[in-house]
Amino acid sequence: MKKILIAPFLLLVKLYQILISPLTPASCRYSPTCSHYTLEALKKHGLFKGGWLAIKRIFSCHPWGGSGFDPVP
């Protein structure tokens, strides 16, 4: 059931990685990148907790936010 719920979101992130990300300069302040973090969080924690972790991570990726190595908990 978890795989069915997260499948459309995984597809959206993969499409972003393939179609949009190569056209923009690398600007993610974290390792792994925010898109890779999102994929891993969704796979590991499911739609709700993984989605929440991904949203928190994306909103902290700005010049005054954090940076460095930040794995999925």
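The values are calculated or read from the model by the stated rules, or taken from the named source; none is laboratory data. Computed from a predicted structure; not experimentally measured. Here the Cβ is made from the backbone with ideal geometry for all residues, glycine too, and neighbour counts use every protein chain on show. The area values use the complete protein model at the heavy-atom level, side chains included, leaving out ligands, DNA and RNA. Shrake-Rupley method; radii C 1.70, N 1.55, O 1.52, S 1.80 Å.
Numbers for the structure displayed
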item: Residue, farthest from Phe9 (Cα to Cα), within segment 21-68, restricted to residues that are touching a residue at least 40 places away in the same chain (Cβ under 8 Å), touching a Lys or Arg at 6+ places or on another chain (Cβ under 9 Å) and not hydrophobic (A, V, I, L, M, F, W, C); result: Tyr30
item: Answer residue from segment 15-33, given it is open to solvent by less than 50 Å² (accessible area, probe 1.4 Å) and assigned to a helix (DSSP H, G or I) and is modelled with the lowest pLDDT among those; result: Ser21
item: Residue, farthest from the chain's Cα centre (by Cα), within segment 45-58, restricted to residues that are of a type in the set (A, V, I, L, M) and surrounded by 14 or more Cβ atoms within 10 Å (Cβ to Cβ); result: Leu47
item: Test: residue in segment 11-31 that is touching an Asp or Glu at 6+ places or on another chain (Cβ under 7 Å) and not polar (S, T, N, Q); result: yes
item: Test: residue in segment 34-44 that is in contact with a strand residue (DSSP E or B) (Cβ under 8 Å, 6 or more places away or on another chain) and either surrounded by 15 or more Cβ atoms within 10 Å (Cβ to Cβ) or of a type outside the set (Phe, Trp, Tyr) (or both); result: yes
